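Participant: I'd like to ask you about the structure that follows.
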Amino acid sequence: GDMKPTAMMVAEFTKRRKKVMELLKEIPGIVCSEPEGAFYVFPQVNHFFGKADGDSTINNADELCMYLLNKAHVSTVTGSAFGEPNCIRISFANSMENIEKGFKKIKDALGKLK
């Protein structure tokens, strides 16, 4: 069949992945390898373990995911669900506008942790 729709989808996800990698590089303490074929990133976030914003102290990826949900209103998945307790999973299967909004919220929330 016609592969044009598939090629368009691959091009769009390539753009999103590139943007997500740029946005991750703007967040101090985040370490992330570029995914080759997924629609999510799996950054290491253990830099934030032991940090607090005054109300909440982050001890692990599970708590960081809850912090991001409660403080930034962004949903992520703990890496411990995938055997990587120092990581979180962030999907980029969304519009570019929502990806940019979500990463701004993540960056702002993580910036409050000291």
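Participant: I'd like to know if the range 41-59 contains one or more residues that are among the aromatic types (Phe, Trp, Tyr) and open to solvent by less than 30 Å² (accessible area, probe 1.4 Å). Walk me through how you get there before you give the answer.
Facilitator: Initially, the range 41-59 is screened for residues among the aromatic types (Phe, Trp, Tyr), giving 42, 48-49.
Restricting the remaining residues to those that are open to solvent by less than 30 Å² (accessible area, probe 1.4 Å) gives 48.
Yes: the range 41-59 contains one or more residues that are among the aromatic types (Phe, Trp, Tyr) and open to solvent by less than 30 Å² (accessible area, probe 1.4 Å).
Participant: Limited to the range 70-83, what total is found for residues that are open to solvent by less than 60 Å² (accessible area, probe 1.4 Å) and either over 17 Å from Phe103 (Cβ atoms) or not in a loop (DSSP other than H, G, I, E, B) (or both)?
Facilitator: Within the range 70-83, the first condition is being open to solvent by less than 60 Å² (accessible area, probe 1.4 Å), and the residues that meet it are 72, 74, 76, 78-80, 83.
Next cut, either over 17 Å from Phe103 (Cβ atoms) or not in a loop (DSSP other than H, G, I, E, B) (or both) only: 72, 78-80, 83.
Looking only at that region, the number is 5.
Participant: Taking into account only those residues within the range 24-69 that are assigned to a helix (DSSP H, G or I) and free of Cβ contacts under 8 Å to residues at least 12 places away in the same chain, which is farthest from Asn98 (Cα to Cα)?
Facilitator: Ranking the candidates gives Glu63 first.
Participant: Just give me the residues in the range 86-104 being surrounded by 15 or more Cβ atoms within 10 Å (Cβ to Cβ) and over 13 Å from Val41 (Cβ atoms), in sequence order.
Facilitator: Asn86
Participant: Go through the range 20-40 and report how many residues are under 20 Å from Val77 (Cβ atoms) and either out of contact with any Pro (no Cβ under 8 Å at 6 or more places or on another chain) or open to solvent by 60 Å² or more (accessible area, probe 1.4 Å) (or both).
Facilitator: Matching residues across the range 20-40 total 14.
The values are calculated or read from the model by the stated rules, or taken from the named source; none is laboratory data. For clarity, every value in this text was computed on a predicted model and none was experimentally measured. We place every Cβ from the backbone using ideal geometry, glycine too, and count neighbours over all the protein chains shown. All accessible areas refer to the heavy atoms of the entire protein, side chains included, with ligands and DNA or RNA removed. Shrake-Rupley method; radii C 1.70, N 1.55, O 1.52, S 1.80 Å.
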